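Reading through the C-alpha cells given below for one structure.
The values are calculated or read from the model by the stated rules, or taken from the named source; none is laboratory data. Please read all numbers here as calculations on a predicted model, not as lab measurements. Positions of Cβ are backbone-derived with ideal geometry, glycine not excepted, and every protein chain shown enters the neighbour counts. For accessibility, only protein heavy atoms count, side chains too; no ligands or nucleic acids. Shrake-Rupley method; radii C 1.70, N 1.55, O 1.52, S 1.80 Å.
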Amino acid sequence: MDIKIIGLTDQHEAYVGSKNRKFRINEFLIIEDIYQGDLIGEIVEAHTYNKFIPMVNNGDIMDANMLNSMEALGFDLEAGTIYLAKIRLVNEANFPIETGSNCRVPNFEEVKKYFISTTIEKGLNLGVIRNTDDIYKSADREFLGICKTLEDNKFIEQRELPYIFDLFGMHEYPHIGVFGGSGSGKSFGLRVILEELMKKNIPTITLDPHYEMDFSDKFNMDYGPDYSGDYSKFIIGKNIGIDFTELNTKDLKNLLNTSSRLTDAMENVVDNLHKNKDSLLTFENRLQRVMRGQELGSEEKINDKIINSQETDEKQYYKRVLDDFKKYNDKCPPSSITGVSWRFDKLKRMGIFEHKINEAEIALKSCKNIVIQGSIKIIQVFATYIINVLYEKRRNYKDAIINNKTEEYFPPFIVVTDEAHNFAPQTKDGMTDIPSKYILREIAQEGRKYGVFLILATQRPSLLDSTITAQLNTKLIFRTNRATDIQTIKEETDLSIEETNRLPYLKTGDVFLSESALGRTMYVRIRAAHTNTPHKENPFEELLYKKKQDIEIFYDIVEKYLPVSEDDLYNTCKEIQEDIGKLYSVSDLKTILESLYDEN
Ligand SMILES: Nc1ncnc2c1ncn2[C@@H]1O[C@H](COP(=O)(O)OP(=O)(O)O)[C@@H](O)[C@H]1O
Ligand SMILES: [Mg+2]
C-alpha cells in the first residue's frame, strides 16, 4: 500500500495518507478514481500523525471518522508515524472523490500544462517550481539544467521544473507586481526579471533609486550570458536630463518642487513668469529682469537707469526691465520670486537641463534596458517626463498605423521600478500627489493597447495606488509579515487561505506566483541571478578591511623605526616627518602603535 484517499471527501478536496511517503506542499498527485478516472490534485497541507504523540491541534484533521476510515483501508495506526495531507483538485470533479482510491506521482506529460504555459523562446525563466522534483525526472530535455538556484550561498544544480513566465501572454494579461517585506528577495527577483528581458532584447526603462541595477559583475563566468551590451546606465543630471523648451508650466512647478516645496505664492510666480516654449535662457532672463526691477524698487528708478545708460545694450536691457516690472511686479512678491530663483538655481546646478534624453531614446530603440539613476525625488519628476515623452511616441506610432498614416517606428517597451510606492503612492486626503503617479496609472489602464507594460516592486502593496494594483495581472508575492499588506494581498490575488498563512514564513527568494492567465498560484524559487548587485559588500566588512589596510600601510612606514620606546615617541615623529614628509603627533603615533600591537 502506498498512497490512498482517506476519510470524508467532496468534489474539490480530500485527505491522502501514506505509511512510507512524506507529502510536500504544492506537489501534484494523480488520484486513480475507479469511477471517474484520473483526477489531478495538488497538496495544500501536509501533516504527520503518530498515535503516541498527542497532537496539539487535534480536532481538525484527525477526527474519529478519519481514524476509522484509515484502519478500514489497512493502515496500522499502532505502528509508528503516518503521513497525511490535504489534496485539492485542480479542476472540480463531477462527484466526490472516491475514498480508498490509490494515488500516484504523475509523469511530466500528464501535468505539463499546469506548470509550463509557454515555450522557452517566448518566456522568461525566472526560477524553478518547488516540489516538482518527481516530475522533473520525466521532463523534456529542453527544460533540464537551464538554471541554478542559490541556497545558503551555494549554487545548486536544477532539480525541479523551470518556471517560465509567459512574456508573450502579457499582451493579454499585462503588468506585473512584485510584493514582499524588506529582505524577502524583491530586488533580487527584479534583477532576474531584467536579465531575462535583456536576454530577449526587450526595450525596458528601469527606474533605479538605489543605484543597484548594474549588470557588469558576473557571479560566475560560465553561468549566464554577458549583459554588458544590453543595458545603458543614465544618471539624471550627469548624462541624461530634460529639454527645458519641452516643459510645460505644470512640469516646471513639479520640478521646482523637488528641490524643496513651493509655496502657493511661488507657484503663482511660476504661473506668471513661465511661457510655453520658453528656453532655459528666456525664462531665466525674465526672472532676473523682474528681480532687478524689484531691486531698483520703482518705475521712476528704472527710468533713471534707462536715461543714464551709456550703451544701447544697457538701455535696451533696462527698457525690458521696465516692461517686465510693470507686468509682473504686482503679481509676484519679491520674497516669492527669490524663493523660485533659489530653487531654479539648485535645479540648474544639478545639471538636469544640460542634457537631453536623446541617447536614452536611441538605446531604447535599439532594444536595450535603459537604467535611470537618481534620488527618489528627482526620479519622481524625471520619470514623469521621460516616460510621458516615450509613451507618447509609441502611442503616436500605433495610432498612425490605425489611421493609415506613416510615423517613425517606435518600439513597445516595459517600465520597471523598485520601490514603486514612491512613484505611485496611494494618496489619502490632504496628501499632495506625486507627478509620476498619473503616467504610471495611465499605462496601467491603457498601456496594453500600445504594448507598454509595467513591472512594479514594492514592500508595501497597501501603499501603492489601488487603481494600479488592480491592473497588475501577475503577482510575485514574497515573504510578508505586515497584517495590512497581507490583507491587501488577500484582496488582490487568488492566493488560497493556506498560502496566505504561509506568507510570513517563506524563505528569502521563495515566492508565490499568481498569474491571471493560469488562474492558479505556483510556488517558485527565484533562480540564481547571473549578475551581482554592486552593493553586495557589507559595510562593516568594508570598515574592517579599511582598518586592516590602514594598519598595513602604517606598518610599512614605521617598520624600520621599531621598536619605539615611550620616551622616543617625539623623536620618531620627527624622523618620520624628515624621512617621508608625513606628520604624526605624539599621541597619534602612540594610538596607532597601540592598535598595531593589538593586531599583533
Ligand atoms: N532568489 C534568491 N536566491 C538567493 N539569494 C537571494 C534570493 N533573493 C534574495 N536573495 C538574497 O537575500 C538578500 C535580500 O534580498 P533583496 O532582493 O535585496 O530583498 P528586498 O529587495 O526584498 O529587500 C540579498 O542579499 C540577496 O542576495
Ligand atoms: Mg530591495
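Go through (1) within 16 Å of ligand 2 (Cβ to nearest atom); (2) in contact with a helix residue (DSSP H, G or I) (Cβ under 9 Å, 6 or more places away or on another chain) for I135 and report which single condition fails.
Of everything listed in (1) within 16 Å of ligand 2 (Cβ to nearest atom); (2) in contact with a helix residue (DSSP H, G or I) (Cβ under 9 Å, 6 or more places away or on another chain), I135 misses just condition (1).
When the stretch 445-473 is examined, which residues are found to be of a type in the set (D, E, K, R) and either open to solvent by 30 Å² or more (accessible area, probe 1.4 Å) or farther than 20 Å from G180 by Cα (or both)?
Once the filter is applied, which keeps residues that are of a type in the set (D, E, K, R) and either open to solvent by 30 Å² or more (accessible area, probe 1.4 Å) or farther than 20 Å from G180 by Cα (or both), the stretch 445-473 yields E446, R448, K449, R460.
Return the residues of the stretch 167-196 that are touching a Leu at 6+ places or on another chain (Cβ under 7 Å), more than 16 Å from ligand 2 (Cβ to nearest atom) and either open to solvent by 20 Å² or more (accessible area, probe 1.4 Å) or among the aliphatic types (A, V, I, L, M) (or both); say none if nothing qualifies.
Answer for the stretch 167-196, where residues must be touching a Leu at 6+ places or on another chain (Cβ under 7 Å), more than 16 Å from ligand 2 (Cβ to nearest atom) and either open to solvent by 20 Å² or more (accessible area, probe 1.4 Å) or among the aliphatic types (A, V, I, L, M) (or both): just L167.
Return yes when R141 is under 26 Å from P225 (Cα atoms) and surrounded by 16 or more Cβ atoms within 10 Å (Cβ to Cβ) and no when it is not.
It is false that R141 is under 26 Å from P225 (Cα atoms) and surrounded by 16 or more Cβ atoms within 10 Å (Cβ to Cβ).
Out of I156, I146, I164, report the one residue that is part of a strand (DSSP E or B), more than 16 Å from ligand 2 (Cβ to nearest atom) and within 18 Å of F108 (Cβ to Cβ).
Details: I156 fails: within 18 Å of F108 (Cβ to Cβ); I146 fails: part of a strand (DSSP E or B).
None of the other options fit; the residue is I164.
State all residues of the stretch 474-492 that are farther than 28 Å from D429 by Cβ and either assigned to a helix (DSSP H, G or I) or open to solvent by less than 10 Å² (accessible area, probe 1.4 Å) (or both); if no residue qualifies, say none.
Hits for the stretch 474-492 are T474, L476, I477, F478.
Sort through L73, L89, L67 and tell me the only one that's over 23 Å from D38 (Cα atoms) and either crowded, with 16+ Cβ neighbours inside 10 Å or touching a residue at least 24 places away in the same chain (Cβ under 8 Å) (or both).
L67
For E419, only one of the following conditions fails: (1) more than 16 Å from ligand 2 (Cβ to nearest atom); (2) charged (D, E, K, R); (3) surrounded by fewer than 20 Cβ atoms within 10 Å (Cβ to Cβ). What is its number?
(1)
Failed condition for K22, given (1) open to solvent by 70 Å² or more (accessible area, probe 1.4 Å); (2) modelled with pLDDT under 90; (3) not hydroxyl-bearing (S, T, Y), with all others met?
The failed condition is (2).
With the requirement that a residue be outside any strand (DSSP E or B) and over 15 Å from the mean Cα position of the chain (by Cα), what does the stretch 445-467 give you?
Answer for the stretch 445-467, where residues must be outside any strand (DSSP E or B) and over 15 Å from the mean Cα position of the chain (by Cα): Q445, E446, G447, R448, K449, Y450, G451, S462, D465, S466, T467.
If the requirement is being hydrophobic (A, V, I, L, M, F, W, C), away from ligand 2 (no atom under 16 Å from the Cβ), in contact with a strand residue (DSSP E or B) (Cβ under 9 Å, 6 or more places away or on another chain) and touching a residue at least 60 places away in the same chain (Cβ under 8 Å), which of these qualifies: I120, I129?
Testing whether each residue is hydrophobic (A, V, I, L, M, F, W, C), away from ligand 2 (no atom under 16 Å from the Cβ), in contact with a strand residue (DSSP E or B) (Cβ under 9 Å, 6 or more places away or on another chain) and touching a residue at least 60 places away in the same chain (Cβ under 8 Å) leaves just I129.
Could you tell me which of the residues E442, E407 is away from ligand 2 (no atom under 16 Å from the Cβ), part of a helix (DSSP H, G or I), open to solvent by 40 Å² or more (accessible area, probe 1.4 Å) and among the acidic types (D, E)?
E442
Residue pairs, Cβ under 8 Å, 6 or more apart or interchain, first in the stretch 179-190 and part of a loop (DSSP other than H, G, I, E, B), second within 9 Å of ligand 2 (Cβ to nearest atom). List them.
If the second residue must be within 9 Å of ligand 2 (Cβ to nearest atom), the pairs left are G180/K186; G180/Q459; G181/Q459; S182/Q459; S184/Q459.
Restricting to the stretch 508-528, name every residue that is within 16 Å of ligand 2 (Cβ to nearest atom) and out of contact with any strand residue (DSSP E or B) (no Cβ under 8 Å at 6 or more places or on another chain).
If the condition is that a residue be within 16 Å of ligand 2 (Cβ to nearest atom) and out of contact with any strand residue (DSSP E or B) (no Cβ under 8 Å at 6 or more places or on another chain), then T508 is the only one that fits.
Can you pull out every residue in the stretch 493-533 that is open to solvent by 80 Å² or more (accessible area, probe 1.4 Å) and at pLDDT 90 or above?
Of everything in the stretch 493-533, those that are open to solvent by 80 Å² or more (accessible area, probe 1.4 Å) and at pLDDT 90 or above turn out to be N501, Y505, K507.
Of everything in the stretch 222-240, what is under 18 Å from K365 (Cα atoms) and open to solvent by less than 20 Å² (accessible area, probe 1.4 Å)? Give them in sequence order.
Correct list: Y227, F234, I240.
Picking from I455, I439, I486, I468, which residue would you name as being touching a Phe, Trp or Tyr at 6+ places or on another chain (Cβ under 8 Å) and among the hydrophobic types (A, V, I, L, M, F, W, C)?
Every option except I439 fails the conditions.
If T204 passes every condition in (1) more than 12 Å from ligand 1 (Cβ to nearest atom); (2) open to solvent by 10 Å² or more (accessible area, probe 1.4 Å); (3) not hydrophobic (A, V, I, L, M, F, W, C) but one, which one does it miss?
Here T204 clears every test but (2).
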